[in-house]
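J.: If you scroll down you'll find the structure; I have some questions about it.
The values are calculated or read from the model by the stated rules, or taken from the named source; none is laboratory data. Small disclaimer: the values here were computed from a predicted structure and weren't measured. No Cβ is skipped: glycine too gets one built from the backbone with ideal geometry, and neighbour counts run over all protein chains shown.
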Amino acid sequence: MRAVVYHQHGSTDELVVEDLPEPQLRPGDALIEVGAASLNGFDPMMLAGSTSLETPLPMVPCGDFAGRILAFAEGSDPGPWKEGDRVCPHPFVLGEGMTGETRVGAACERVRIPIPNLIAIPDGVSDVQAASLPIAYGTAYRMMITRGEVRAGETVLVLGATGGVGTGCVQLAKSLGATVIATGSSEAKLDALRDLGADHVIDNKQDDWVRAVHEIAGKPRMLGSGGVDVVINYIGGETWAESLRCLRSDGRMLTCGATIGFNPPTDIRYIWTYEQRIIGSNGWTPDEQRKLLERVAAGDLAPVIDSVVSLEGARSAMDALIDRRVFGKVVIEPALGPRSGSLCK
Ligand SMILES: NC(=O)c1ccc[n+]([C@@H]2O[C@H](COP(=O)([O-])OP(=O)(O)OC[C@H]3O[C@@H](n4cnc5c(N)ncnc54)[C@H](OP(=O)(O)O)[C@@H]3O)[C@@H](O)[C@H]2O)c1
């Protein structure tokens, strides 16, 4: 079967499209024909080999995928499922880890996944939409709703709001009735954030963004006024201590990652003076993924899709992610021919 593959860690020059052997089903597995798979911020990190996780080589990128069931491993109990059912599996597999990280990913024509991981795609949701949801929107859902408990009337600051998790956070915060301050790195991205519903946008490359947040939300004061109620910070690095300067008394700072540095300097004075709360959020549950699929089916949420590309388009898509040229999600459709599918900007 055709697949996007890298045989060693390095730059996007390592990405090739080639024939791989068919997936070998293990007892309890389903075989899925991939209709769509999507890239995430961690794919370039896995390609570069810059995480502490050990990837099997040769490796195929993409943790997220959607498609239809082709077969079940011999002797396995399929439970409620049958061949032809449309599914968007939860990509974390017990004992194997995350698809696209420690197990082979889905930028290919067929994948194996344990039957308990299967999640049905409701009518009206396309493979492209479903494949955009799990990792980015699942993580955003858990951060904003389950862990962050964002409420109507609160002000939420989303840093690096233009990626998969970020656009999901902006959309979910707006649907909860919050005021959203969103940062991004270009005029075009800021326009797109406004179109998505962000109430205030800040250029994180051009502006003193902390001062810009103070102008919008005020400086934190001990008696409660000033500052934002919630900061979403998966950027880390120097943005970590700067974010504390934006957070109101009793405010919540949520994190699910550290794009530019996981052990940044902090400023403990802000945490005690303003009794700030730091809240971690990791992954999402199958139930949270089902709720997202239902929202899309009901027309309450439309995942932001930057581009849909063929397997051959994966290399330029990965370059665009690395160069911060993507707004929302990049989806790969294996059925697209080598020259079809819009290429990334
Ligand atoms: N724990 C979990 O379960 C979990 C799950 C999913 C993701 N994550 C983490 O969440 C983060 C976001 O993931 P994602 O898939 O949404 O990534 P993404 O699509 O690549 O988006 C990341 C965003 O961060 C901003 N950014 C990139 N480099 C930056 C820099 N040097 N300084 C400031 N901003 C920068 C970019 O926005 P601008 O260029 O517009 O600034 C980009 O849109 C990653 O750290 C990822 O590892 C964690």
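J.: I'd like the residue in segment 242-259 that is hydroxyl-bearing (Ser, Thr, Tyr) and outside any loop (DSSP other than H, G, I, E, B) and, out of all such residues, is nearest to residue 281 (Cα to Cα).
T.: 255
J.: Six or more apart or on different chains, Cβ under 6 Å: which pairs go from a residue in segment 276-304 that's of a type in the set (A, V, I, L, M) to one that's in a loop (DSSP other than H, G, I, E, B) and within 13 Å of the ligand (Cβ to nearest atom)? Could you list them?
T.: These pairs meet every condition: 304/328.
J.: Collect the residues in segment 124-175 that are among the hydroxyl-bearing types (Ser, Thr, Tyr) and within 17 Å of residue 40 (Cβ to Cβ), keeping them in residue-number order.
T.: Selection gives 132, 137, 139, 141, 162, 167.
J.: Is it the case that residue 251 is farther than 30 Å from residue 335 by Cβ and away from the ligand (no atom under 16 Å from the Cβ)?
T.: yes
J.: Can you name the number of the only condition in (1) assigned to a loop (DSSP other than H, G, I, E, B); (2) touching a residue at least 12 places away in the same chain (Cβ under 8 Å); (3) assigned by TED's automatic domain parsing to the domain that holds residue 154 that residue 338 fails?
T.: (3)
J.: Related question: Determine whether residue 219 is surrounded by 15 or more Cβ atoms within 10 Å (Cβ to Cβ), modelled with pLDDT of 95 or more, of a type in the set (Lys, Arg) and within 16 Å of the ligand (Cβ to nearest atom).
T.: Considered against the rule, which asks whether it is surrounded by 15 or more Cβ atoms within 10 Å (Cβ to Cβ), modelled with pLDDT of 95 or more, of a type in the set (Lys, Arg) and within 16 Å of the ligand (Cβ to nearest atom), residue 219 comes out as no.
J.: Among the residues of segment 6-44, write down those that are crowded, with 21+ Cβ neighbours inside 10 Å, of a type in the set (A, V, I, L, M) and more than 17 Å from residue 315 (Cβ to Cβ).
T.: 30, 32, 34, 36, listed by residue number.
J.: In addition: Restricting the first residue to segment 122-142 and requiring it to be among the polar types (S, T, N, Q), which pairs with a second residue that is assigned to a loop (DSSP other than H, G, I, E, B) meet a Cβ separation below 6 Å and a spacing of at least six or different chains?
T.: Going by the 6 Å Cβ cut-off, the qualifying pairs are 129/303; 132/303; 139/256; 139/284.
J.: Considering only segment 283-328, state which residues are basic (Lys, Arg), more than 26 Å from residue 94 (Cβ to Cβ) and not in a loop (DSSP other than H, G, I, E, B).
T.: 295, 315
J.: Can you name every residue in segment 173-188 that is surrounded by fewer than 24 Cβ atoms within 10 Å (Cβ to Cβ) and in a helix (DSSP H, G or I)?
T.: Hits for segment 173-188 are 174, 175, 187, 188.
Conditions (1) buried (at least 23 other Cβ atoms within 10 Å of the Cβ); (2) within 22 Å of residue 23 (Cα to Cα); (3) more than 18 Å from the chain's Cα centre (by Cα), marked per residue:
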{"residue": "57", "(1), (2), (3)": "no, yes, yes"}
{"residue": "69", "(1), (2), (3)": "no, yes, yes"}
{"residue": "94", "(1), (2), (3)": "no, yes, yes"}
{"residue": "113", "(1), (2), (3)": "yes, yes, yes"}
{"residue": "117", "(1), (2), (3)": "no, yes, yes"}
{"residue": "122", "(1), (2), (3)": "no, no, yes"}
{"residue": "132", "(1), (2), (3)": "yes, no, no"}
{"residue": "139", "(1), (2), (3)": "yes, no, no"}
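J.: If you check every pair at least six apart or on different chains, which have Cβ atoms under 9 Å apart with a residue in segment 309-327 that is farther than 18 Å from residue 5 by Cα first and a residue that is among the acidic types (Asp, Glu) and surrounded by fewer than 20 Cβ atoms within 10 Å (Cβ to Cβ) second?
T.: Between residues of segment 309-327 that are farther than 18 Å from residue 5 by Cα and residues that are among the acidic types (Asp, Glu) and surrounded by fewer than 20 Cβ atoms within 10 Å (Cβ to Cβ), the close pairs are 325/319.
J.: How do the pairs read when you match residues in segment 77-106 that are not assigned by TED's automatic domain parsing to the domain that holds residue 64 and modelled with pLDDT under 95 with residues anywhere that are buried (at least 21 other Cβ atoms within 10 Å of the Cβ) and not in a loop (DSSP other than H, G, I, E, B), using Cβ under 8 Å and keeping only pairs 6 or more apart or on different chains?
T.: none
J.: Looking at (1) modelled with pLDDT of 95 or more; (2) in contact with a helix residue (DSSP H, G or I) (Cβ under 8 Å, 6 or more places away or on another chain); (3) within 11 Å of the ligand (Cβ to nearest atom), can you tell me which one residue 267 breaks?
T.: (3)
J.: Does residue 166 satisfy being among the small types (Gly, Ala, Ser), within 16 Å of the ligand (Cβ to nearest atom) and in a helix (DSSP H, G or I)?
T.: yes
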